[in-house]
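The values are calculated or read from the model by the stated rules, or taken from the named source; none is laboratory data. Quick caveat, the model's predicted, so the values are computed rather than measured. Cβ sites come from the backbone with ideal geometry, for glycine too, and all protein chains shown count toward neighbours. For accessibility, only protein heavy atoms count, side chains too; no ligands or nucleic acids. Shrake-Rupley method; radii C 1.70, N 1.55, O 1.52, S 1.80 Å.
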Amino acid sequence: MRMMSLEKEAEMETKTAEQRSLEYRNAMARLGAAVNIVTTNGAAGRAGFAATAVCSVSDNPPTLLVCLNRNASAYKVVKANGVICINTLAAHHEVLSTLFGGKTPADERFAAGSWGVLETGAPVLEDALVSFDCRIREAHDGGTHDILICTVVDMKINAGDEALMYFNRRYRVL
């Protein structure tokens with residue numbers, strides 16, 4: 001079954017790479033996603049970033065994937081430490097997400113939350129909806145991003161609250 005008309009294919013081929021990239025980003029803005037803060041700590045230091053590109057891979061063994069921009073300030077630290085904690089945010093974490101999603105220095109980012117640790121030592125946001133403590137098992141080339149395949153070694157689940165989502169370039173509550 002053909003999913004795209006020949007006319008649409010020809011139109012896409014005549015667009016520049018920049019036009020296709022912009023169109024793709026605009027389309028992806030329509031794909032709602034949970035907002036997460038991904039953190040790390042270890043010999044290379046402490047760092048963190050906001051991410052919506054997180055999803056389950058398997059429950060046996062428990063595995064998640066996270067996409068990490070190679071230009072992110074946390075990139076080298078995450079790769080060197082080899083551990084992360086994926087903290088899924090509640091509705092009241094919008095300001096914290098903004099701090100971790102911008103150019104705010106790491107110390108200021110972490111000062112805005114209350115943090116603990118589980119097995120890997122990566123920072124766990126105490127009031128996150130859920131925190132997945134992970135070891136990075138593999139990294140794959142994803143263009144501008146690395147696709148990190150992460151084995152979940154511990155979890156912390158908090159009851160209640162509503163989830164912070166990102167849809168159409170705005171925070172939403174679910």
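Quick notes on this one:
- The alpha carbon centroids of the range 116-166 and the range 32-76 are separated by 6 Å.
- Length-normalised contact order for the range 122-174 - Cα pairs under 8 Å, 6+ apart - percent: 31 percent
- Loop trypsin sites (Lys or Arg not before Pro), the range 74-172, which have at most 13 other Cβ atoms in a 10 Å radius of their Cβ (DSSP): K103, R169
- Rolling a 1.4 Å probe over the protein heavy atoms leaves M28 with an accessible area of roughly 80 Å².
- Value at 222 nm in deg cm²/dmol, rounded to 500, when DSSP H runs of n ≥ 4 in the chain each add -39,500 (n - 2.57): -6500 deg cm²/dmol
- The range 43-110 shape via C-alpha gyration tensor axes, a/c threshold 1.5: oblate
- Relative frequency of Cα-Cα separations exceeding 22 Å in the chain, percent: 47 percent
- Model label zone, T144; criterion: amide N under 20 Å from point 7 Å along Cα-to-beta-carbon; scope the range 31-50: 31-38, 48-50
- Additional length obtainable on full extension of the chain from D161 to R25, 0.36 nm per residue less Cα span: 46.0 nm
- Among the trypsin sites (Lys or Arg not before Pro) in the range 18-67, those placed in a DSSP loop whose Cβ has at most 10 other Cβ atoms within 10 Å are R30.
- Surface accessible to a 1.4 Å probe, per residue, for the residues of the chain, Å²: 57 Å²
- The range 129-174 shape via C-alpha gyration tensor axes, a/c threshold 1.5: oblate
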